[in-house]
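Below is one structure, written out as structure tokens, with a few remarks after it.
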Amino acid sequence: MLHTNSPFYRLAVNWMRESFRMPESYNTLLYAVATGHNHIDEIAKFSGFPKNKCNKYIKTLMEHGLVIKIPGENGHTKYLPANTYLTLWYRFLLTAVPSPNGNFDDDAFNQFMQYFNSELMADFYRNICYYWFEKSIYSNTSDYINAKNTAYHDIAIGDITFDFACQWNRNVYAYFDTVVGEGLSINLWKEIDAVTTKAAPFYKNKYYICTVNRVPDSYWKLSKTYDNVHIISLKMLFAEYKKEYNAKAHKRFVPSFVRRRG
């Protein structure tokens, strides 16, 4: 995949060459927004271009489907690469120097994969966890809980940030382990137990621990010992996701960033 002749690498190169006679300036602006310079003032400062030139070029990039804008507070619009493929390519490959045979060194590869796993795949897995939680919570509790209510999302209690926390008749806590390679530890469970039992006794809480990593034996033991502790493995997460997906007719998948040509 990380080779100058691979389809993954060539897609961005060909896309820019087909869209612009001289793509260098546009590459600079895409590199800026991919690396966190998302407001016009920041883009201008990073690129060295005047603000009016940045506005003009950003507008052109949007017309070609390469950049999107997100309205911000007080009129401070943010500009971002149009998809995760462009974010990856411009953040890690534009400035990486390949070897004479077209390969990239270990440092470039490791940075690419670290961002891919910790940011992009983690976001995907987190969405899968929320999907499972929203579909399954009602079969596990007699109380109505709106799992889609973002007021219950990303709740920090002590040193633990829960992906979902609702303190009601029976408190419900969900923790999603979504970064491949990190995994669950017994110390994590001790922290979860400690911060949640300050508000209510253990038996009044329900716990949902979703993970994309191997489930440790200690966590399976918890779920077998206590009926208010639910451990959801990657296999279980995808089983729920596939139920609805397989019930629909789907066309052959084509990534959103691959445009029809000709």
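Throughout, read-outs are computed from the coordinates displayed, never taken from laboratory work. Source: prediction; values computed, not measured. Note that we place each Cβ from the backbone using ideal geometry, even for glycine, and neighbour counts take in every protein chain shown.
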* Asked: If you average the sequence gap of Cα pairs under 8 Å that are 6 or more apart and divide by the length of the chain, what percent do you get for the contact order?
  -> 12 percent
* Asked: In nm, to one decimal, how far is the modelled label at TYR226 from the one at HIS39, with both set 7 Å along Cα→Cβ?
  -> 4.5 nm
* **Unit charges at the beta carbon, dipole of the chain: most positive-side option, VAL13, TYR173, THR225** => VAL13
* **the chain: DSSP helices with Cα axial extent of at least 30 Å and average Kyte-Doolittle hydropathy no lower than 1.0** => none
* Asked: Among all cysteines in the chain, which have no other cysteine Cβ under 4.7 Å from their own Cβ?
  -> CYS54, CYS166
* **222 nm mean residue ellipticity, helices alone, for the chain (DSSP H n ≥ 4; -39,500 (n - 2.57); rounded to 500)** => -12500 deg cm²/dmol
* To do: Report relative contact order for the range 7-104 in percent, whole number only (criteria: Cα-Cα under 8 Å, sequence separation at least 6).
  => 27 percent
* Structure fact -> Counting only residues 5 or more apart in sequence or on a different chain, those whose built amide H sits under 5 Å from that of ALA82 are VAL67, ILE68
* Could you work out how far apart the two model spin labels at VAL180 and TYR203 are, taking each label as a point 7 Å from the Cα in the direction of the beta carbon, and quote it in nm? => 4.3 nm
* **Rough spin-label spacing in nm, given labels placed 7 Å along Cα→Cβ, for HIS3 and LYS51** => 4.7 nm
* To do: Let me have the relative contact order for the range 181-230, percent, based on Cα pairs under 8 Å that are six or more residues apart.
  => 46 percent
* Prolate/oblate/rounded label for the range 85-179 (Cα gyration tensor, a/c 1.5) -> prolate
* Asked: Is the range 1-137 best put as rounded, prolate or oblate by its Cα gyration tensor, with a ≥ b ≥ c the root eigenvalues, rounded for a/c under 1.5, and otherwise prolate when a/b is larger than b/c, oblate when not?
  -> oblate
* What is the range 123-246 by shape, rounded, prolate or oblate, if you read a ≥ b ≥ c off the alpha carbon gyration tensor as root eigenvalues and call it rounded for a/c under 1.5, prolate for a/b larger than b/c, and oblate otherwise? -> rounded
